[in-house]
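The values are calculated or read from the model by the stated rules, or taken from the named source; none is laboratory data. Quick caveat: nothing in here was measured; it's all calculated off a predicted structure. As a convention, Cβ positions derive from the backbone with ideal geometry for all residues, glycine included, and neighbour counts pool all protein chains shown.
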Amino acid sequence: MQSAEMAMEAFHARDLGAIRRSMTSDMKWLPALERGFDGGGYVGHEGVAAYFANLEAMWEELRFSAGEYRDLGDQVLALGRIEGRGNKAGVPVEAPMGIVFDFRGSEISCARSFSRPRRSAESGRSGGVGARAKR
């Protein structure tokens, strides 16, 4: 569970190096907002770097505040809220969110976020949801 918490701290700091150290080289990141548009996500170190570039282009600020972490064995479920402000219109966004982290050893091999925390809990129990991912 500590690895998921450290990855979230690195995300908030936009510390790409720390995130890379916490993940497998083929890690899949499947963010809820982008899966909703095209069903895709990001793969590997290059994919995570592309995700961060997209964040900078789209968001003035974006933060996930976890209220709870649940240890599910080889997965960790983080439940909380996403808060942010878009770059273009400056419109604030606040919504419930959940993230399921899959682990291979001590490294994150997949992370899937969900805009409905109940879906993230169901995904954590069932082993995940299929989605396309970009490299």
Legend entry - Hits in region 6-21 - residues which are crowded, with 19+ Cβ neighbours inside 10 Å and either under 13 Å from residue 52 (Cα atoms) or not aliphatic (A, V, I, L, M) (or both): 11, 19
Legend entry - Identity of the residue in region 86-132, of a type in the set (D, E, K, R) and modelled with pLDDT under 90, that ends up surrounded by the most Cβ atoms within 10 Å (Cβ to Cβ): 119
